[in-house]
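K.L.:
First, the structure itself, so that you have it in front of you.
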Amino acid sequence: MIRAFAAATFGGTTVVHDPAVGTNHLPPQPLPAGCFPLDDRQVAAWPEADPSVLPLDFPLSMCWSPIVRCNLACPQCLDDKSVRESTAAERRVLAGHIAASGVLGVDISGGEPLLLRDLPELARAIRHQGTNVVSCTTNGWHLTRRAEELADSLDAIRVSLDGATEATHDRWRGQDSYRRAVTGIRAAVDEGLFVQLQMVLMQSNQHEAQELLDRAAQLGAGGVTFLQMLPIGDGAALAAEQMLTDEQAQDIVGPLAIPDGVRIRLRTRTSAHGFTVLRADGYAWRNTHGATGISASVPVTSPADLRLPTSGSTS
């Protein structure tokens, strides 16, 4: 599939960011800075970049959670629900800071971002300089009714499915969540959006990993990201019962049979260390201690406040 990617060069090394999978790749030859269409099969074949060895002033990618509110109450949620939610005017300012920072990829999350009426406007504000790509992570509940308007403002959409079956997913997300998410995925695919499914990998759903890959192919989704559970927020209470080690997760994902055309990624806690999150109150945080905790917050009042604490930090 031909879809949008973002590229930039750091110290002579060109990096290409994939907005759907969230990975960074090294093309075989330099590319101009900016956003442009590439064949995702070709990009997937390029080696992944190691951000820790690049001379980075800003993260390659980040998450922005401009909303605390959510229509679901998932027990594995890592969001801090105690923070203040930015106003619409503050969100517009923050989108401008992100756009000017030089970050290649931004995932708008939450809370549930599809509850924001101004979500398309915020995504376009980040993309307007033509230097970065934007994705959105959603529980899919409202995706059917919003897919059409999001198709022109997002480069990819990530939909949470914590099980390949209705029984498993709804155990974590609530009754009717699976049906609503699957219907939304189909609507997004019909609108031409590239859809990446995301499963929080846990003891109780690991047995459905292969089935989820097969389901992704059936639904027309482009791939699946298996997310290692982070013991942050509400999810901390489930860590002892549900959390897998990175080694266990790799043993689960490694042998999976990947359907043709499906992109797969395992985001370990090790790889999530140092990742930047801009929360709903306008403060930037970074994952610490192998993504089992978060750092002290910094108020984002200009693009410079998104700067990495030290050169070579991970994205």
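K.L.:
Within the range 10-35, can you find the residues that are farther than 21 Å from residue 266 by Cα and either small (Gly, Ala, Ser) or exposed (fewer than 13 other Cβ atoms within 10 Å of the Cβ) (or both)?
P.N.:
Listed by number, the residues that qualify are 11, 12, 28, 29, 30, 32, 33, 34.
K.L.:
Test residue 140 against the criterion of being in contact with a strand residue (DSSP E or B) (Cβ under 8 Å, 6 or more places away or on another chain), surrounded by 19 or more Cβ atoms within 10 Å (Cβ to Cβ) and modelled with pLDDT of 95 or more, and give yes or no. If you could, list the steps in order and put the result at the bottom.
P.N.:
Values: in contact with a strand residue (DSSP E or B) (Cβ under 8 Å, 6 or more places away or on another chain): yes; surrounded by 19 or more Cβ atoms within 10 Å (Cβ to Cβ): yes; modelled with pLDDT of 95 or more: yes.
Spelling it out, residue 140 is indeed in contact with a strand residue (DSSP E or B) (Cβ under 8 Å, 6 or more places away or on another chain), surrounded by 19 or more Cβ atoms within 10 Å (Cβ to Cβ) and modelled with pLDDT of 95 or more.
K.L.:
List the pairs whose first member sits in the range 97-110 and is over 17 Å from residue 22 (Cα atoms), whose second member is open to solvent by 10 Å² or more (accessible area, probe 1.4 Å) and among the aliphatic types (A, V, I, L, M), and whose Cβ atoms are under 6 Å apart, counting only residues at least 6 apart or on separate chains?
P.N.:
97/300
K.L.:
All but one of (1) assigned to a strand (DSSP E or B); (2) touching a Phe, Trp or Tyr at 6+ places or on another chain (Cβ under 7 Å); (3) not hydroxyl-bearing (Ser, Thr, Tyr) hold for residue 56, so report the exception by its number.
P.N.:
Just one mismatch for residue 56, condition (1).
K.L.:
Take the range 171-183 and flag every residue that is more than 13 Å from residue 216 (Cβ to Cβ), in a helix (DSSP H, G or I) and of a type outside the set (Gly, Ala, Ser). Full working, then the answer.
P.N.:
First pass over the range 171-183, keeping only residues more than 13 Å from residue 216 (Cβ to Cβ): 171-180, 183.
Those still in the list that are in a helix (DSSP H, G or I) too: 171-173, 177-180, 183.
Those that are more than 13 Å from residue 216 (Cβ to Cβ), in a helix (DSSP H, G or I) and of a type outside the set (Gly, Ala, Ser): 171, 172, 173, 178, 179, 180, 183.
K.L.:
Residue check, residue 63 against (1) part of a strand (DSSP E or B); (2) more than 30 Å from residue 281 (Cβ to Cβ), all met but one. Which one?
P.N.:
The single condition residue 63 does not satisfy is (2).
K.L.:
Now for a different question. Just for the range 184-200: of the residues that are in contact with a strand residue (DSSP E or B) (Cβ under 6 Å, 6 or more places away or on another chain) and in a loop (DSSP other than H, G, I, E, B), which one is nearest to residue 40 (Cα to Cα)?
P.N.:
194
K.L.:
Still on this structure, please answer the following. Which residue pairs have Cβ atoms closer than 9 Å, lie 6 or more positions apart in sequence or on different chains, and pair a first residue in the range 173-197 that is under 14 Å from residue 163 (Cα atoms) with a second residue that is among the β-branched types (Val, Ile, Thr) and assigned to a helix (DSSP H, G or I)?
P.N.:
178/168; 180/144; 197/185
K.L.:
Name the single residue, out of those in the range 157-198 being within 30 Å of residue 37 (Cα to Cα) and hydroxyl-bearing (Ser, Thr, Tyr), that is most open to solvent (accessible area, probe 1.4 Å).
P.N.:
Checked the range 157-198; the qualifying residue most open to solvent (accessible area, probe 1.4 Å) is 183.
K.L.:
So, of the residues in the range 201-250 that are outside any loop (DSSP other than H, G, I, E, B) and among the β-branched types (Val, Ile, Thr), which turns out to be farthest from the chain's Cα centre (by Cα)? Full working, then the answer.
P.N.:
Within the range 201-250, the first condition is being outside any loop (DSSP other than H, G, I, E, B), and the residues that meet it are 201, 206-219, 223-228, 233-242, 246-250.
Filter again for among the β-branched types (Val, Ile, Thr), leaving 224-225.
Working: 224: 11, 225: 9 Å.
If we take residues in the range 201-250 being outside any loop (DSSP other than H, G, I, E, B) and among the β-branched types (Val, Ile, Thr), then 224 is farthest from the chain's Cα centre (by Cα).
K.L.:
Kindly establish whether residue 227 is out of contact with any helix residue (DSSP H, G or I) (no Cβ under 7 Å at 6 or more places or on another chain) and open to solvent by less than 30 Å² (accessible area, probe 1.4 Å). Steps first, please.
P.N.:
Working: out of contact with any helix residue (DSSP H, G or I) (no Cβ under 7 Å at 6 or more places or on another chain): yes; open to solvent by less than 30 Å² (accessible area, probe 1.4 Å): yes.
Yes; evaluated as a whole, the condition is true for this residue.
K.L.:
State yes or no: is residue 125 hydrophobic (A, V, I, L, M, F, W, C), in contact (Cβ under 8 Å) with a residue 60 or more places away in the chain and in a helix (DSSP H, G or I)? Break it down stepwise before answering.
P.N.:
Numbers: hydrophobic (A, V, I, L, M, F, W, C): yes; in contact (Cβ under 8 Å) with a residue 60 or more places away in the chain: no; in a helix (DSSP H, G or I): yes.
Taking the combined requirement at face value, the residue does not satisfy it.
The values are calculated or read from the model by the stated rules, or taken from the named source; none is laboratory data. From a predicted model like this one, the values you see are computed outputs, not experimental measurements. All Cβ positions, even for glycine, are placed from backbone atoms using ideal geometry, and neighbour counts span all protein chains on display. Surface areas here come from the heavy atoms of the whole protein model, side chains and all, with no ligands, DNA or RNA. Shrake-Rupley method; radii C 1.70, N 1.55, O 1.52, S 1.80 Å.
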